[in-house]
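Colleague: Let me begin by handing over the structure; questions about it come next.
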Amino acid sequence: MMKQTIIKCAIALCLFACTVSLNAQNERDFAYHFIEKADKNELVVKTISPQMMERMLGLQEIQENDTLQTLLRQLKSIRVVSAKQHAGKNFDTVEELAKRNHKRYTCKYITPQKLMLTRMRHKKIVELVLASQENERLLLIDLTGNMNEDFIDFITHYPASGN
Amino acid sequence: MDYKYIEQLLERYWKAETSLEEENILHAFFSQGQVPEHLAQYKSLFDFQKNRQNLHISENFANRIMQRVENMEEKPVVAKRIPLIVRLRPFLNAAAVVAVVMLVGMAAQHSFNGENTPSWDYNAQSYTDTYDTPEAALDETMNAFRIIGNGLRTAEAIDSLNNVDAETNIENDEANHH
């Protein structure tokens with residue numbers, strides 16, 4: 001009887017481990033969920049996949065720039081979503097999504113025009129989302145990766161114009 | 001003593017041509033104490049046969065067999081129902097071993113990797129590239145960095161404003177106390 005219980009527990013643990021490992025890389029980013037909710041006809045989506053990120057690291061320009069190389073290594077994907085109309089409505093959608101997923105995303109700040117969210121995992125920023133509305137235009141940028149404080153410092157002081 | 005007759009009988013015995021009377025003569029000959037040296041090798045065979053002849057089944061042998069047959073008929077053979085858990089036991093044992101190995105492996109991997117464990121848990125398949133070349137993708141990345149940088153500077157400005165507000169409130173509180 002005892003042996004059977006142990007076996008059952010072991011199987012349950014095995015199934016749990018399998019489920020966890022299968023779900024381990026099955027998450028969707030904030031931008032993906034926003035695209036699902038918003039009117040797709042209004043949106044222009046630009047995506048840079050993890051594979052393209054790897055290819056970018058192979059560029060000579062990046063190879064010669066250690067700082068950029070270090071930063072890009074911390075990024076896995078970029079999604080830039082823009083809507084040229086109904087910025088207010090789309091910004092409300094972003095806010096609603098942020099509120100609904102408040103356990104997953106930490107709101108770094110929110111103003112009537114801008115909203116910044118971060119998602120932490122294992123003490124690293126795995127997702128950084130910025131939504132801003134200006135002149136009826138909404139722009140949502142979603143970076144995913146394993147970003148540390150150095151990354152945030154660099155981006156914060158990255159020149160507003162030019163490279 | 002001449003043992004020619006016995007030797008002839010033996011030869012016919014090996015060929016299975018002897019009658020029962022002749023075989024009895026051979027048995028009687030080999031059952032006596034003294035057997036000539038050249039025929040002594042056959043004595044053990046005839047002694048064995050004589051001993052076997054003395055073996056008989058017991059008188060109630062038939063009754064005992066019949067009783068056993070009756071007992072078997074009384075208890076019809078019933079198929080034994082094996083529970084599912086028992087039938088699956090080999091598979092369960094195998095699964096348990098796999099589970100233990102997996103758990104040990106995962107624990108080992110976790111302890112070896114520590115903080116280097118990748119935190120990124122997104123489905124890479126959900127990203128379809130917009131750009132064909134890494135150069136174009138890099139331009140878009142730099143553009144995203146610029147916009148995010150603006151956003152982060154706003155965050156810093158808001159933080160410092162909040163800090164100034166908090167300091168001002170503390171100073172006002174202190175002034176009111178005085």
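Colleague: In what order, largest first, do B:M72, A:M53, A:M120, B:M102 sit by accessible area if the probe radius is 1.4 Å?
Modeller: These residues rank, largest area first, as B:M72, A:M120, B:M102, A:M53.
Colleague: Output wanted: per-residue J couplings in Hz (rounded whole) for region B:12-27, from phi through Karplus 6.51 cos²θ - 1.76 cosθ + 1.60, θ = phi - 60°, x for Gly and Pro.
Modeller: So the J values, rounded to whole Hz, are 6, 5, 5, 8, 6, 10, 7, 8, 5, 4, 5, 5, 5, 4, 4, 4.
Colleague: Count, for each residue of A:106-112, the Cβ atoms from other chains sitting within 10 Å of its Cβ, then give me the mean as a whole number.
Modeller: 3
Colleague: Next up: What list of ³J(HN,Hα) couplings, whole Hz, do you get for region A:80-85 from phi and the Karplus terms 6.51, -1.76, 1.60, once you set θ to phi - 60° and write x for glycine and proline?
Modeller: Whole-Hz 3J(HN,Hα) from phi for region A:80-85: 10, 10, 10, 10, 7, 9.
Colleague: Can you send over the solvent-accessible area of A:R121, 1.4 Å probe, protein chains only, in Å² to the nearest 10?
Modeller: Roll a 1.4 Å probe over it and A:R121 shows about 70 Å².
Colleague: Given the whole protein assembly as supplied and a 1.4 Å probe, what does the accessible area of A:E136 come to in Å², nearest 10?
Modeller: Counting only protein heavy atoms, the figure is 110 Å².
Colleague: In units of 2.2 N^0.38 Å, what is the alpha-carbon radius of gyration of region A:110-159?
Modeller: This ratio for region A:110-159 stands at 1.25.
Colleague: Okay, moving on. Total accessible area buried between chains B and A, 1.4 Å probe, in Å² to the nearest 100?
Modeller: Heavy-atom accessible area buried at this interface is about 5200 Å².
Colleague: Let me ask something additional. Where does each of B:H56, A:H102 land when they are ordered by accessible area, with a 1.4 Å probe and the largest first?
Modeller: The ranking, largest first, comes out as B:H56, A:H102.
Colleague: Note down the net charge around A:T144, summing +1 for each Lys or Arg and -1 for each Asp or Glu among other residues with Cβ under 12 Å from its Cβ.
Modeller: That works out to +1.
The values are calculated or read from the model by the stated rules, or taken from the named source; none is laboratory data. Just so it is clear, the structure is predicted and the values come from calculations on it, not from any experiment. Cβ sites come from the backbone with ideal geometry, for glycine too, and all protein chains shown count toward neighbours. The area values use the complete protein model at the heavy-atom level, side chains included, leaving out ligands, DNA and RNA. Shrake-Rupley method; radii C 1.70, N 1.55, O 1.52, S 1.80 Å.
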